[in-house]
Amino acid sequence: MTDWTTLTYVVVDVEGNGQQPPELVELAVVPIFGGVVGEPISWLVRPEHPIKHIAATFHGLTTGDVADCPKITDITPDVLAALDVSALVAHNAHVDVGVLRRELPGWEPPEVFDTLKLARRLIPGQSSYKLGALVDAFKLAEGLPGELKPHRATYDALVTARLFVHLASQAATVEALRGQPPKGDDKAADEDAPTLF
């Protein structure tokens, strides 16, 4: 069995422009090394198309806010360096991974752990598994700087990182995070358990 802290993780959160498929307007990454949540790195990104009003009402970013920001191609080397870890973590991860795959041609994610799926498996009985509900349930926003707000990438990545540490500490091992049965257990893993993409 492998202690979960032996892997290096990066927690990601993306905010989009409301187009279909969404283009990146904000990205935050939070490293977790040795089980400890590190400092976030975030980028505002100028998309090819304007930010739709519905997206702006969600995260608060307008086309004007990102007009002078770099394009994703300008920061790709820095983003790829930040994503160079053993595992990627996100809440409802297929959304974030999908955006990153489109924005970073040729990039393939490492092992992916989805805190939405993990929470459903490891802490059953919650009234909601939305990120905001879990943040409230486990007081994951305590001590964060006041200027950080929900639905912005840095806030969401930080609380997701704290949620992942909470869940991983319960699971204790990488194998338990993956939903793999203990060695010698012939029972199949829970059908709702897969966390890999």
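Since every read-out is calculated from the coordinates, none of them should be taken as a lab result. Keep in mind that what you see is a predicted model, and the values were worked out from it rather than measured. No Cβ is skipped: glycine too gets one built from the backbone with ideal geometry, and neighbour counts run over all protein chains shown.
Of everything listed in (1) over 30 Å from Thr8 (Cα atoms); (2) outside any loop (DSSP other than H, G, I, E, B); (3) not aliphatic (A, V, I, L, M), the single unmet condition for Trp43 is (1).
Please go through the stretch 147-183 and pick out each residue that is in a loop (DSSP other than H, G, I, E, B), out of contact with any Phe, Trp or Tyr (no Cβ under 7 Å at 6 or more places or on another chain) and over 20 Å from Gly60 (Cα atoms). Within the stretch 147-183, Arg178, Gly179, Gln180, Pro181, Pro182, Lys183 qualify.
Determine if the stretch 16-23 includes at least one residue that is assigned to a strand (DSSP E or B), in contact (Cβ under 8 Å) with a residue 40 or more places away in the chain and crowded, with 17+ Cβ neighbours inside 10 Å. Yes, because at least one residue in the stretch 16-23 is assigned to a strand (DSSP E or B), in contact (Cβ under 8 Å) with a residue 40 or more places away in the chain and crowded, with 17+ Cβ neighbours inside 10 Å.
The condition of being touching a residue at least 12 places away in the same chain (Cβ under 8 Å) and buried (at least 20 other Cβ atoms within 10 Å of the Cβ) holds for only one of Ala90, Ala56, Ala67, that being Ala90.
Taking the condition closer than 19 Å to Ala81 by Cβ and surrounded by fewer than 19 Cβ atoms within 10 Å (Cβ to Cβ), does Leu27 pass? Criteria not met by Leu27.
Could you tell me whether any residue of the stretch 68-76 is on the phi > 0 side of the Ramachandran plot, touching a helix residue (DSSP H, G or I) at 6+ places or on another chain (Cβ under 7 Å) and of a type outside the set (Lys, Arg)?
No, the stretch 68-76 contains no residue that is on the phi > 0 side of the Ramachandran plot, touching a helix residue (DSSP H, G or I) at 6+ places or on another chain (Cβ under 7 Å) and of a type outside the set (Lys, Arg).
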